[in-house]
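Step one of this worksheet: look at the structure below.
Read-outs throughout are calculated quantities, based only on the coordinates presented, and are distinct from any laboratory measurement. Small disclaimer: the values here were computed from a predicted structure and weren't measured. Don't worry about glycine lacking a Cβ; one is built from the backbone with ideal geometry, like all the others, and counts go over all protein chains shown.
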Amino acid sequence: MKLKNIRKISKKTLDWITARKSLLKLYEKKGIRVCELGFKDCTFDYRLSFAHRFKRSDPRCRHTFRQTLKSCIPCHQKLEQDSDLTEKMFKLLRST
Ligand SMILES: [Zn+2]
């Protein structure tokens, strides 16, 4: 049997999987358990993920508290579509 369909996981993805685990712990420690953005259509505590200040393909991307926000999927999508809004929310929520 050929295994040609198995995708190689890139180093970047592996880094993110590792970093994500420590971020989850860090956010838990800080008591951040719901979406930090709360835009219209926010699902609050349902299917949360991390929104990055810079996209993961961007070399400036860091998997740190200051460069991520806890976000539900609809709010995350709003940030993805609007880099000005992303900057605004990071300034507001992370004071950077
Ligand atoms: Zn939300």
Selected residue (only one of Lys25, Lys40 is more than 11 Å from the ligand (Cβ to nearest atom), surrounded by fewer than 16 Cβ atoms within 10 Å (Cβ to Cβ) and not acidic (Asp, Glu)): Lys25
Here is a check on your reading of the model: is Arg47 surrounded by fewer than 16 Cβ atoms within 10 Å (Cβ to Cβ) and within 25 Å of Leu14 (Cα to Cα)? yes
Could you list, in sequence order, all residues of the stretch 28-82 that are on the phi > 0 side of the Ramachandran plot and not basic (Lys, Arg)? Gly31, Gly38, Asp41, Phe44
Give the residue, chosen from Thr18, Thr43, Thr86, that is without any contact (Cβ under 8 Å) to a residue 60 or more places away in the chain and within 13 Å of the chain's Cα centre (by Cα). Thr86
Residue among Arg60, Arg56, Arg66 that alone is part of a helix (DSSP H, G or I), within 16 Å of Ala19 (Cα to Cα), of a type in the set (Lys, Arg) and out of contact with any strand residue (DSSP E or B) (no Cβ under 6 Å at 6 or more places or on another chain): Arg66
The stretch 76-93, residues that are basic (Lys, Arg) and within 16 Å of the ligand (Cβ to nearest atom): Lys78, Lys88
Please enumerate the residues belonging to the stretch 47-67 that are under 10 Å from the mean Cα position of the chain (by Cα) and within 14 Å of the ligand (Cβ to nearest atom). Leu48, Ser49, Phe50, Ala51
Looking only at the stretch 68-75, decide whether some residue is under 16 Å from Leu24 (Cβ atoms) and either away from the ligand (no atom under 15 Å from the Cβ) or surrounded by fewer than 14 Cβ atoms within 10 Å (Cβ to Cβ) (or both). no
